Amino acid sequence: MIRRPPRSTLSSSSAASDVYKRQGINAEYGGSTERHMQVIRSSCLILLAGLVAHAQATCVTPAGIDDAHPAAILSSSVTIPPFNPAPGGFPGIFPVLAETFVPFVTDYETPIQFRMFQMISLVVFSGSAMHHPTSLDHFADEANSAARRRCQPGAHPDPLFELHQDLTVAYSVYFGTAKIVGAEAAAGIAAVMSSFGIDATKCNIPADCEDTDTPWGLAYTLTEEMAVFAEHDGWNADGSLSRTFNKRPYQDFRQDPYTPRNSPWELRRKRRWQPLPEDNGKGYMVHQEHVVPHAGFTGRGIFMSDQQHCDLTAPPPHYDYEVENEAVIDRAAGLDDTKKMQIEFFDGKLGSIVPLLAQYMARTGNHLSRYDWFKVDMAVNNILYEAVQVVWREKVRYDRVRPPSRIHDDLEGETITSYAGAFQGTQSMPAEDWEPYIRTMPHSEYPSGSSCICEAFAEYMRLETGSDSMVTALAPSTPPGAPVGLIAEVPAGSSIVEPGVTPANPMVHFFDSWSGISDICGQSRLDGGMHYDASVPAGANLCRSIASTVKDAFDALESGTRPDYVVNFADTSPEFKQDKCVW
């Protein structure tokens with residue numbers, strides 16, 4: 001346990017002089033051999049005390065609020081949701097704030113969602129780590145972590161110390177959201193903070209936030225440090241790497257940017273990706289652009305080096321497209337309410353695996369601290385960020401065609417029996433009219449990004465919990481007679497594709513193992529008609545090992561040790577590799 005030394009602590013030299021005087025020793029002229037030994041022993045003890053005092057002084061006393069002067073809040077009464085790690089308890093303020101900014105994040109394409117979460121995680125985890133006895137921040141910055149580490153309370157729980165932690169999280173989410181997602185999302189966060197009695201305007205004047213001993217000063221500074229990396233992470237998030245004026249965020253900025261080998265109107269190279277038509281239902285029609293095709297080639301990992309990213313590869317697919325097309329059509333013809341809702345559930349990972357993770361932790365987290373919660377949550381966010389870069393590189397490298405393109409082209413003029421669209425069920429139709437159950441995302445088919453993400457998540461949870469099965473861990477929080485597992489309730493008529501009709505009756509998604517989550521996630525991509533068979537296992541196998549790399553990194557951070565690899569966050573070089581996998 002770390003504590004500040006008392007202000008009256010003396011330097012080693014002045015303290016030594018006082019010791020000599022108390023012992024009646026003339027330090028200048030010496031004395032008997034015994035007295036010399038006393039001097040030596042006393043000096044050694046004083047020097048040791050000085051070293052201990054110096055070590056203790058490496059922590060800081062949290063500032064800005066105290067019991068009598070809650071300067072961070074609008075009133076003397078704080079109503080922050082309490083952190084309760086008991087089964088069924090509430091994990092504090094973070095989930096409430098997350099519910100506010102997640103809808104803004106999900107407006108973006110999937111890989112960009114993961115990047116946004118990762119950048120906010122850099123701030124949130126780092127702020128939490130500074131309240132831990134040993135953990136380094138997410139930047140693995142040993143010097144800054146030592147300089148910003150909060151002195152641990154003498155007793156647990158310590159309400160004031162916990163308030164500092166909660167406020168640091170709140171300000172971290174607010175500043176991180178403002179920097180990465182935008183002003184509108186940040187305004188929503190500010191409104192929620194205000195409802196809890198927290199003043200979100202503390203850093204409207206940046207000079208007011210220079211003191212990192214305060215919750216808002218720490219969060220603001222961490223956000224600025226994150227922003228330096230975000231501007232140079234290889235994603236071209238603000239469009240400045242491709243244009244000086246009228247910038248297009250996330251545009252491919254490479255000298256030889258990705259160009260589809262097929263036009264939207266003709267499938268000449270039948271194995272290569274083709275932009276698919278889309279519309280907004282209001283008369284506006286457009287053809288897809290491959291989303292962030294550069295991210296897998298120029299993006300920078302956090303705890304995985306370029307070499308580690310590039311060592312992960314998927315084998316070439318060997319498709320018999322006649323057989324594959326028939327399988328896609330048959331699976332779509334057999335869609336029922338359960339499969340439809342599984343397809344919708346796993347279409348957005350922030351609305352599926354993240355809530356399942358939160359539910360598991362809420363039901364099993366009896367002994368979890370605030371830091372423990374954020375460590376697991378932020379490790380998962382980092383896994384999504386690393387994994388999406390790896391799978392995106394392989395998607396662009398193989399550049400494989402999606403099922404709708406091949407079915408429309410190969411079976412033109414034929415009649416097929418399959419899912420015929422929203423509220424239409426299974427019917428006979430021209431092959432050219434066939435579409436998957438949900439939108440086919442604007443990127444190439446192989447390997448599956450969903451199976452990559454879900455398997456990397458499942459593997460991390462297997463490693464973190466020590467088991468693939470959830471039954472033993474969840475049994476104590478399960479009502480008598482109920483099946484033991486994680487559930488996601490699905491109200492009748494809650495479908496996005498077929499609202500008011502599907503499912504016909506209330507249902508639940510049920511999972512009693514991490515493999516079950518990964519398997520159903522991957523299968524749902526096949527059932528929906530968005531992928532061919534080989535894509536799902538290829539994605540899972542590609543990304544599974546990312547989990548252990550990231551887990552090792554976060555375990556190292558917790559112990560105060562730099563992970564084996566950490567990106568150079570201070571690198572602001574404008575030069576980026578056109579392909580980080582060409583050595």
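The values are calculated or read from the model by the stated rules, or taken from the named source; none is laboratory data. Just so you know, these numbers come straight off a predicted model, no measurement behind them. Note that each Cβ is placed from the backbone with ideal geometry, even for glycine, and that neighbours are counted across all protein chains shown. Just the protein is used for accessible areas: all its heavy atoms, side chains included, with ligands, DNA and RNA removed. Shrake-Rupley method; radii C 1.70, N 1.55, O 1.52, S 1.80 Å.
Just one of (1) acidic (Asp, Glu); (2) within 26 Å of Cys310 (Cα to Cα); (3) modelled with pLDDT under 95 fails for Glu386. It is (3).
Report whether or not Asp337 is charged (D, E, K, R) and touching a Pro at 6+ places or on another chain (Cβ under 8 Å). So Asp337 passes the test. Do you know which residues across region 343-360 are under 22 Å from Glu109 (Cα atoms), in a helix (DSSP H, G or I) and open to solvent by 40 Å² or more (accessible area, probe 1.4 Å)? Selection gives Gly351, Pro355. Per the listing Ala556, Ala547, Ala534, the residue uniquely open to solvent by 10 Å² or more (accessible area, probe 1.4 Å), hydrophobic (A, V, I, L, M, F, W, C) and farther than 22 Å from Arg402 by Cα is Ala556. A count restricted to region 529-543 and to residues that are in a loop (DSSP other than H, G, I, E, B) and out of contact with any strand residue (DSSP E or B) (no Cβ under 9 Å at 6 or more places or on another chain) stands at 4. Taken over region 289-312, the criterion of being under 21 Å from Asp256 (Cβ atoms) and part of a loop (DSSP other than H, G, I, E, B) is satisfied by Glu289, His290, Val291, Val292, Pro293, His294, Gly299, Arg300.
Taking the stated definitions as given, is Ala570 open to solvent by less than 70 Å² (accessible area, probe 1.4 Å) and of a type outside the set (Phe, Trp, Tyr)? Break it down into steps so the answer makes sense when it comes.
Values: open to solvent by less than 70 Å² (accessible area, probe 1.4 Å): no; of a type outside the set (Phe, Trp, Tyr): yes.
For Ala570, the condition - open to solvent by less than 70 Å² (accessible area, probe 1.4 Å) and of a type outside the set (Phe, Trp, Tyr) - is not met.
The residue of region 366-391 that is farthest from the chain's Cα centre (by Cα), among those that are open to solvent by 10 Å² or more (accessible area, probe 1.4 Å) and closer than 21 Å to Ile546 by Cα, is Asp372. With respect to the conditions (1) open to solvent by 20 Å² or more (accessible area, probe 1.4 Å); (2) modelled with pLDDT of 95 or more, Arg363 falls short on a single one, namely (2).
Residue under question is Val286, and the condition is that it be open to solvent by less than 70 Å² (accessible area, probe 1.4 Å), out of contact with any helix residue (DSSP H, G or I) (no Cβ under 8 Å at 6 or more places or on another chain), of a type outside the set (Lys, Arg) and not in a loop (DSSP other than H, G, I, E, B); does it hold?
For Val286, the condition - open to solvent by less than 70 Å² (accessible area, probe 1.4 Å), out of contact with any helix residue (DSSP H, G or I) (no Cβ under 8 Å at 6 or more places or on another chain), of a type outside the set (Lys, Arg) and not in a loop (DSSP other than H, G, I, E, B) - is met.
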